[in-house]
Structure formats: structure tokens, C-alpha cells
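For reference, the structure is listed below as C-alpha cells.
The values are calculated or read from the model by the stated rules, or taken from the named source; none is laboratory data. These numbers were taken from a predicted model, which means no experiment stands behind them. Positions of Cβ are generated from backbone atoms using ideal geometry, with glycine treated the same way; all protein chains shown enter the neighbour counts.
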Amino acid sequence: MNTIEIRVSETANVPDATNKRCRVELLLLVDGIKTTAFDSVSIEPCALAAVATQSGEFYIATCGCGIPDCAGIYRGVRVSQSNGIISWEVPVPYLPEKGSDRSQSGIVKYEFSADSYRAEIAKMVDTLRSLQVREAKGDRFELHGHPGTLVEQILGWIDTGTVPF
Ligand SMILES: [Zn+2]
């Protein structure tokens, strides 16, 4: 069984006198280390949340703009749920080298306890809610280059199990 940890970080990029505009990034740690399969790609919070209860193919990591194809990602993570275990099959390479033939050389498998996975998602949602409170006071957050009242949108998508990108 693998462990998962999700960290939400923010980088202030356009500070002004009163309000901040920040870029939000998610860091995914599996067994305590950053997953190298997802180097150079953005972690998608809505996909992470959907995977807490859904099976299928999900772009858990995507382009910095939110569109996987744009970064050359053509295969998502295959997720299945059974007996309290959430399994991921991550295609390798997840992000093919530029100019490569897109062939898949292998799969990395992870298994997470559904309970501990869902606890991480609950923590992520709590952090997003604290950003939402600041958004209501005028701070602005960006994820995948989409500015605006983003946290509210993300929380809405998470509530409905939607993966928007
Ligand atoms: Zn892009």
C-alpha cells in the first residue's frame, strides 16, 4: 500500500498594497516523495477529488493551462476502486518527450487506502475553502492560468464531481 499526501501552495506573483494575486499549485507526494512521473505538469484538484469515489481514466496531471493535449499528454491515469483500495495505473512516460512517438514504455501502479485518500482530499478542500474566504476579501488565485474567483469554481466542480479540463 502506498501513501499519498497533497499539498496546496501559493505563490504571490502580483502583490499590491491591499490584495494579493497568487498562483495556486498542488504538490503530490507518494510515499513521501514527489512523483517524478508528474514532473513538469500541473496537478488537477478536480481530478484528484473525483478519483476519491470514481473509476476511469483521469488527467490527474495536466498542462499548466489545464488542457492535457497541449502538453502532449494523451493518456490519463487509470483509476479503479475496490474493497477500500483506490488503485492508480500511471502510464510511463506520463509526459512524453517532445518529438517522441508517444509510445508508452510501462506503467507505475499505486494503491492507496480509500479512507486515507479521502482524508487527504478533505484536507485539500479545507485549504481551498480557506483560500475562498480570502477570495471573498479580494485576493485572487490562479490555477492553470485561469484567473478570477477560481477557488469558488473549483469547490463547485469538486462538489458536483466534475472534472472540467
Ligand atoms: Zn497548455
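Table for the structure above
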quantity: Which numbered condition Ile43 fails, given (1) modelled with pLDDT of 90 or more; (2) under 27 Å from Val151 (Cα atoms); (3) touching a Phe, Trp or Tyr at 6+ places or on another chain (Cβ under 8 Å); calculated: (3)
quantity: Criterion (more than 15 Å from the chain's Cα centre (by Cα), at pLDDT below 90 and of a type in the set (Gly, Ala, Ser)) met by exactly one of Gly145, Gly161, Gly138; calculated: Gly138
quantity: Odd one out for Val108 among (1) touching a His at 6+ places or on another chain (Cβ under 9 Å); (2) at pLDDT 90 or above; calculated: (1)
quantity: Residues of the stretch 38-87 classified as closer than 21 Å to Leu143 by Cβ and without any contact (Cβ under 8 Å) to a residue 12 or more places away in the chain, total; calculated: 2
quantity: Residue count for the stretch 75-89, restricted to those that are closer than 16 Å to Leu48 by Cα and modelled with pLDDT of 95 or more; calculated: 10
